[in-house]
Structure formats: C-alpha cells, structure tokens
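Visitor: Take this structure first; my questions come after.
The values are calculated or read from the model by the stated rules, or taken from the named source; none is laboratory data. Predicted model only: the values in this text are computed from it and were never measured. Note that each Cβ is placed from the backbone with ideal geometry, even for glycine, and that neighbours are counted across all protein chains shown.
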Amino acid sequence: MRTALTAAGWHDYSLFLRPDGLLIGYLLCEDFDAARAAMKSLEVNTRWQAEMAPFFEALTENADDAMQPLEEVFHLD
C-alpha cells in the first residue's frame, strides 16, 4: 500500500483520530484529484477499502470519493 500511495503521488500521509471517532487525514501531493484518482484505480486500494470497511461508518459513496480537502485558514510560515 505504501508503494502504491507513493507511486500515486501521495507524500507525508498521516491519519489523526480523536477519542470521539473523528478521523482526519493529511497528505501532500501536487494534484489532489489526480492523486486520489490514481489510488482509486489500483487493486491494492480496492482490497484495502474492503478490509477497512468494518472500522468506518457506512458511506453512501466510495471512501475515496468521500475524502474532501479542508480549507487552510492559518499557516505560521
């Protein structure tokens, strides 16, 4: 999976989980839509989505499609 993420343009990928279940992911990439589409097309991602599904609330859409960038509202540098 790590090799696939890197090949798809995902870098510095991290997940953060609050005790109440809120999950936030962080990644760097040149083009978010292209990086997401590249992962969505890979069989390893399909397997991962299926294996992880029991740990997440049921989505009405593919988990890759449900990801949304958050607007940055402050950056110190």
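Visitor: So for region 40-56 (the condition being without any contact (Cβ under 8 Å) to a residue 24 or more places away in the chain and of a type in the set (K, R)), does at least one residue qualify?
Guide: Among the residues of region 40-56, at least one is without any contact (Cβ under 8 Å) to a residue 24 or more places away in the chain and of a type in the set (K, R), which makes the answer yes.
Visitor: Scan region 23-77 for residues that are of a type in the set (D, E, K, R) and closer than 16 Å to M1 by Cα and jot them down.
Guide: Correct list: R36, K40, E43, R47, E51, D64.
Visitor: Still on this structure, I have one more. Restricting the search to region 2-23, which residues are closer than 16 Å to D64 by Cβ and either more than 12 Å from the chain's Cα centre (by Cα) or at pLDDT 90 or above (or both)?
Guide: Result: A4, L5, A7, A8, G9, W10, Y13, L15.
Visitor: Would you confirm, using the coordinates I've provided, whether A35 is surrounded by 10 or more Cβ atoms within 10 Å (Cβ to Cβ), aliphatic (A, V, I, L, M) and in contact (Cβ under 8 Å) with a residue 24 or more places away in the chain?
Guide: Yes, satisfied.
Visitor: Another question about this same structure. What pairs come out if I take residues in region 1-27 that are in contact (Cβ under 8 Å) with a residue 40 or more places away in the chain and pair them with residues that are surrounded by 11 or more Cβ atoms within 10 Å (Cβ to Cβ) and not in a loop (DSSP other than H, G, I, E, B) whose C-beta lies under 6 Å away, six or more apart or interchain?
Guide: Once the first residue is in contact (Cβ under 8 Å) with a residue 40 or more places away in the chain and sits in region 1-27, its partners that are surrounded by 11 or more Cβ atoms within 10 Å (Cβ to Cβ) and not in a loop (DSSP other than H, G, I, E, B) give M1/V44; M1/W48; A4/V44.
Visitor: How about the chain: which helices (runs of 4 or more DSSP H) wholly inside it have at least 2 residues that are touching an Asp or Glu at 6+ places or on another chain (Cβ under 7 Å)?
Guide: Per the criteria, 32-40.
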